[in-house]
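Structure first, then comments.
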Amino acid sequence: MIMRSLLAFVLLASPAAARTITDSAGRIVDIPDEIETVFAAGPPASVLVYVIAPETLTGWPRALRPEERDYIAEPYRDLPETGRLTGRGGEANLERVLEIAPDLILDFGSVRDTYVDLANRVQEQMDIPYVLIDGRFENTPDALRLLGEVLGKPERGERLARDAEETFARIDTILAEIPEEDRPRTYLARGPDGLETGMTGSINTEIIERAGGVNVADDGGRTQGLVQVSPEQVIVSDPEIVVTWDPTFYGRVWSDPLWAGVDAVRSGQVFLSPTAPFGWIDRPPSLNRMMGLRWMARLFYPDRWEGDLREETAEFYKTWYRVDLGDAELDRLLEWAEGRPPE
């Protein structure tokens, strides 16, 4: 009887297994002391969770395609498709989230009022903590450290944050010697016709500016985000370099008369970004862009960026994606990066 009373006293006196964090939107969120499962609200969040603590990921917003599987650590290749709560084509519903019953919902990207309101509503309706982390490129180190703390993986978050900071510093050292007018004028071609792009400052194109390029889709800040442009607008902007992740566009641009007058096409400066397991430029605009940043800085400044692309790619995939790539997997990626998409 005494032992039972003592046990009851200890249980009642024990503090609740919970803690409080402040997310990137300034929201104070109560989260479990130990988090075992995380629902990623969209593809950017799924990449962030995967690189920090893949064992907590409840599934991919979009299931991995066959050509992507070799570039993800084997235990996580067959995670189910969960859908998404935010972004284009959001199809996850609250019933699906309730069925999964995660310890935490995470979104990584914009922290505008729209996303804050969504987070607050979902958290209130479902009684599941919902954390927002700022997905801007410049916030990458802080995002890694924050999620590392949230998921109880501070050492992992710190390691990747320092790697990101070192990459930024390498680029800043190069750019310190190159005036704005001497930086390559660059256009991001999205979609099979290459006529969707992102304006300067867009989360989809900020990699261009961070790598030291000048985004030609710039109207002084009057327009933001993704836009449709005409072939005439591309010709007038006359980019020196075009980057794309769309193999259809890459295959047709060389013979398309609408693009024949663009300087980048005439000089052979159109480059195709790999997209396995995630895009090096975009798709999604998440931590995967750290590999794309190195690739793009090399494109912009081949005489200044030191290091072997093959070695850098293998090291990045091992460090960030937890996968040791064989020669065949590396060959496929680098063929893509050199303009020959894998069949």
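The values are calculated or read from the model by the stated rules, or taken from the named source; none is laboratory data. What you see is a predicted model; the values in this text were computed from it and never measured. No Cβ is skipped: glycine too gets one built from the backbone with ideal geometry, and neighbour counts run over all protein chains shown. SASA here: full protein model, heavy atoms, side chains in, ligands and nucleic acids out. Shrake-Rupley method; radii C 1.70, N 1.55, O 1.52, S 1.80 Å.
So that you can scan it fast, the table gives a plain yes or no per residue for (1) closer than 23 Å to Arg77 by Cβ; (2) touching a Leu at 6+ places or on another chain (Cβ under 7 Å); (3) open to solvent by less than 50 Å² (accessible area, probe 1.4 Å); (4) among the aliphatic types (A, V, I, L, M):
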| residue | (1), (2), (3), (4) |
| --- | --- |
| Trp259 | no, no, yes, no |
| Pro285 | yes, no, yes, no |
| Ala297 | no, no, yes, yes |
| Pro302 | no, no, no, no |
Q) Would it be correct to say that Thr275 is out of contact with any Pro (no Cβ under 6 Å at 6 or more places or on another chain), crowded, with 16+ Cβ neighbours inside 10 Å, of a type in the set (S, T, N, Q) and free of Cβ contacts under 8 Å to residues at least 60 places away in the same chain? A) no
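Going by what's in this entry, would Val234 be described as open to solvent by less than 30 Å² (accessible area, probe 1.4 Å), within 19 Å of Tyr301 (Cα to Cα), at pLDDT 95 or above and outside any loop (DSSP other than H, G, I, E, B)? Break it down into steps so the answer makes sense when it comes.
Details: open to solvent by less than 30 Å² (accessible area, probe 1.4 Å): yes; within 19 Å of Tyr301 (Cα to Cα): no; at pLDDT 95 or above: yes; outside any loop (DSSP other than H, G, I, E, B): yes.
It is false that Val234 is open to solvent by less than 30 Å² (accessible area, probe 1.4 Å), within 19 Å of Tyr301 (Cα to Cα), at pLDDT 95 or above and outside any loop (DSSP other than H, G, I, E, B).
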Q | the range 286-341, residues that are more than 15 Å from the chain's Cα centre (by Cα) and among the small types (Gly, Ala, Ser) | A | Ala297, Gly307, Ala314, Gly326, Ala328, Ala337, Gly339
Q: For the range 24-43, enumerate the residues that are more than 14 Å from the chain's Cα centre (by Cα) and open to solvent by less than 10 Å² (accessible area, probe 1.4 Å).
A: Val29, Ile31, Val38, Phe39
Q: Return the only residue of Ala297, Ala260 being at negative phi and either in contact (Cβ under 8 Å) with a residue 60 or more places away in the chain or not in a loop (DSSP other than H, G, I, E, B) (or both).
A: Ala297
Q | Selected residue [crowded, with 23+ Cβ neighbours inside 10 Å and in contact (Cβ under 8 Å) with a residue 12 or more places away in the chain] from Val243, Val265, Val229, Val253 | A | Val243
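Could you please find all residues in the range 60-88 being among the acidic types (Asp, Glu) and in a strand (DSSP E or B)?
Glu81
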**Q.** Criterion violated by Ala17 - all others in (1) at pLDDT 95 or above; (2) over 26 Å from Asn139 (Cβ atoms); (3) open to solvent by 50 Å² or more (accessible area, probe 1.4 Å); (4) touching an Asp or Glu at 6+ places or on another chain (Cβ under 7 Å) satisfied
**A.** (1)
Q) Among all residue pairs at least 6 apart or on different chains, which show Cβ distances below 6 Å where the first residue, located in the range 27-52, is in contact (Cβ under 8 Å) with a residue 60 or more places away in the chain and the second is of a type in the set (Asp, Glu) and part of a strand (DSSP E or B)? A) Ala41/Asp107; Ala45/Asp107
Q: Output the residue which, of all residues in the range 82-112 that are of a type in the set (Asp, Glu) and open to solvent by 90 Å² or more (accessible area, probe 1.4 Å), is modelled with the lowest pLDDT.
A: Glu91
Q | Test set (1) under 28 Å from Gly135 (Cβ atoms); (2) open to solvent by 30 Å² or more (accessible area, probe 1.4 Å); (3) part of a loop (DSSP other than H, G, I, E, B) - Glu315 fails condition number | A | (3)
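Would you check which residues across the range 149-158 are of a type outside the set (Val, Ile, Thr) and closer than 17 Å to Thr20 by Cβ and list them?
The first filter runs over the range 149-158 and keeps only residues of a type outside the set (Val, Ile, Thr), leaving 149, 151-158.
Glu149, Leu151, Gly152, Pro154 - these are the residues of the range 149-158 that are of a type outside the set (Val, Ile, Thr) and closer than 17 Å to Thr20 by Cβ.
Please note which helices (runs of 4 or more DSSP H) are completely contained in the range 113-215 and include at least 3 residues that are modelled with pLDDT under 95.
Values: elements: 113-126, 140-150, 154-175, 206-210.
Filter on the range 113-215 gives 113-126.
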Q: Only residues that are of a type in the set (D, E, K, R) and loosely packed, with under 15 Cβ neighbours inside 10 Å: list them for the range 113-148, please.
A: Asp113, Asp117, Arg121, Glu124, Asp127, Glu138
Q. Just a yes or no: is a residue in the range 44-55 part of a loop (DSSP other than H, G, I, E, B) and either more than 24 Å from the chain's Cα centre (by Cα) or modelled with pLDDT of 95 or more (or both)?
A. yes
Q. Pairs, please: C-beta under 6 Å, at least 6 apart or cross-chain, first residue at positive phi and in the range 323-339, second of a type outside the set (Phe, Trp, Tyr)?
A. Gly339/Leu272
Q) For Trp320, are the conditions met, namely being of a type in the set (Phe, Trp, Tyr), in contact (Cβ under 8 Å) with a residue 60 or more places away in the chain and open to solvent by 20 Å² or more (accessible area, probe 1.4 Å)? A) no
